[in-house]
Amino acid sequence: MPKETLARRQARAKAILRRLRKEYPDAKCELDWGTPLELAAATILSAQCTDKRVNLVTPALFRKYRQAKDWAATPQETLEKEIHSAGFFRNKAKNIRALMARLDAEFGGELPGDFDVLVSLPGIGRKTANLLVATVFGRPGLVVDTHFIRLSNRFGFVKHEADATKIERALQKIVPREDWTDWSHAMVFHGRRRCFARNPGCADCPVAAWCPSAGKAGAKAE
């Protein structure tokens, strides 16, 4: 088969997003939060952990830690115990405390909205920075998580690619900037509800018509 042109990929992406918007009209970040600092902490906790589990852990944390200085001042051992059930608790506690200390010392306890500044902070990589920019500050962001990676491969927008940064760069050329945030939420919702890592629901998938992996050996295109 001839190689798919960029224009064709862009058209497919547009069709996929249009259909997924109808399928998941309420697609959004599923972490519970009330302030930018809370979302930053919750996002760090969500690494290798489900949003549902994080949402069980955070209510008590958010009642106790109101400001960046509160998080920074708590002993490492105390925070480790409080977030233990979210997994990787030592590194997560270390990153949260270091992040909040930086925010308190350099940014008046506020979360900065600049992407380049965000990725320079402890515990914040490109995925987290994009999520914060999109969710807190309302600017476009491609949030490349495990679902995003899996679906990007299955849709044929990348081929056997697992590097999140490379996938982000590739999709920046395929999905219009103004749709980056909606695309990210759609990928997460579809990955969690239909396009599973194992046994994806290809038979009744709303975007099967635009997916080259639909129904092929369990849709294993990763």
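Quick notes on this one:
- Any hit, the stretch 159-172, residues being in contact with a Gly (Cβ under 8 Å, 6 or more places away or on another chain), of a type outside the set (Lys, Arg) and surrounded by 21 or more Cβ atoms within 10 Å (Cβ to Cβ): no
- Residues in the stretch 86-144 that are within 20 Å of Lys166 (Cβ to Cβ) and free of Cβ contacts under 8 Å to residues at least 12 places away in the same chain: Asp116, Val119, Gly125.
- Selection within the stretch 90-118 - surrounded by fewer than 18 Cβ atoms within 10 Å (Cβ to Cβ), acidic (Asp, Glu) and assigned to a helix (DSSP H, G or I): Glu106, Asp116
- From the list Asn91, Asn130, Asn95, the lone residue that is farther than 25 Å from Glu77 by Cα and at pLDDT 95 or above is Asn130.
- All positions within the stretch 59-89 that are in a helix (DSSP H, G or I) and hydroxyl-bearing (Ser, Thr, Tyr): Thr78, Ser85
- Screening Lys14 with (1) farther than 20 Å from Arg192 by Cα; (2) not assigned by TED's automatic domain parsing to the domain that holds Asp204 gives one miss only, at (2).
- If the condition is being β-branched (Val, Ile, Thr) and either out of contact with any helix residue (DSSP H, G or I) (no Cβ under 8 Å at 6 or more places or on another chain) or without any contact (Cβ under 8 Å) to a residue 40 or more places away in the chain (or both), then the stretch 1-37 contributes Thr5, Thr35.
- Of the residues in the stretch 46-59, at least one is modelled with pLDDT of 95 or more and over 24 Å from His147 (Cβ atoms).
- Helices (runs of 4 or more DSSP H) wholly inside the stretch 119-178 that include at least 2 residues being basic (Lys, Arg) and under 15 Å from the mean Cα position of the chain (by Cα): 126-135
- Residue that is farthest from Ala93 (Cα to Cα), among those in the stretch 112-148 that are of a type in the set (A, V, I, L, M) and touching a Gly at 6+ places or on another chain (Cβ under 9 Å): Ala134
- Count of the stretch 175-185 residues which are buried (at least 19 other Cβ atoms within 10 Å of the Cβ) and closer than 15 Å to Ser152 by Cβ: 5
- Taking every residue in the stretch 167-184 that is modelled with pLDDT of 95 or more and pairing it with any residue that is part of a helix (DSSP H, G or I) and not hydrophobic (A, V, I, L, M, F, W, C), at least 6 positions away or on another chain, the pairs with Cβ-Cβ distances below 7 Å are Ile167/Ser152; Glu168/Arg126; Leu171/Ser152; Ile174/Arg9; Ile174/Gln10; Asp182/Arg21.
- Residue that is modelled with the highest pLDDT, among those in the stretch 199-222 that are in a helix (DSSP H, G or I) and surrounded by fewer than 13 Cβ atoms within 10 Å (Cβ to Cβ): Ala209
- Annotation note: Cβ proximity below 9 Å between a residue of the stretch 60-84 that is under 15 Å from Leu111 (Cβ atoms) and a residue that is polar (S, T, N, Q) (sequence gap 6+ or interchain) occurs for Phe62/Thr35; Tyr65/Thr74; Arg66/Thr35.
- Residue check, Ala40 in a helix (DSSP H, G or I) and either free of Cβ contacts under 8 Å to residues at least 60 places away in the same chain or within 15 Å of His185 (Cβ to Cβ) (or both): no
The values are calculated or read from the model by the stated rules, or taken from the named source; none is laboratory data. Everything quoted here is computed from the prediction, not taken from an experiment. Glycine gets a Cβ as well: all are built from the backbone with ideal geometry, and neighbour counts include every protein chain shown.
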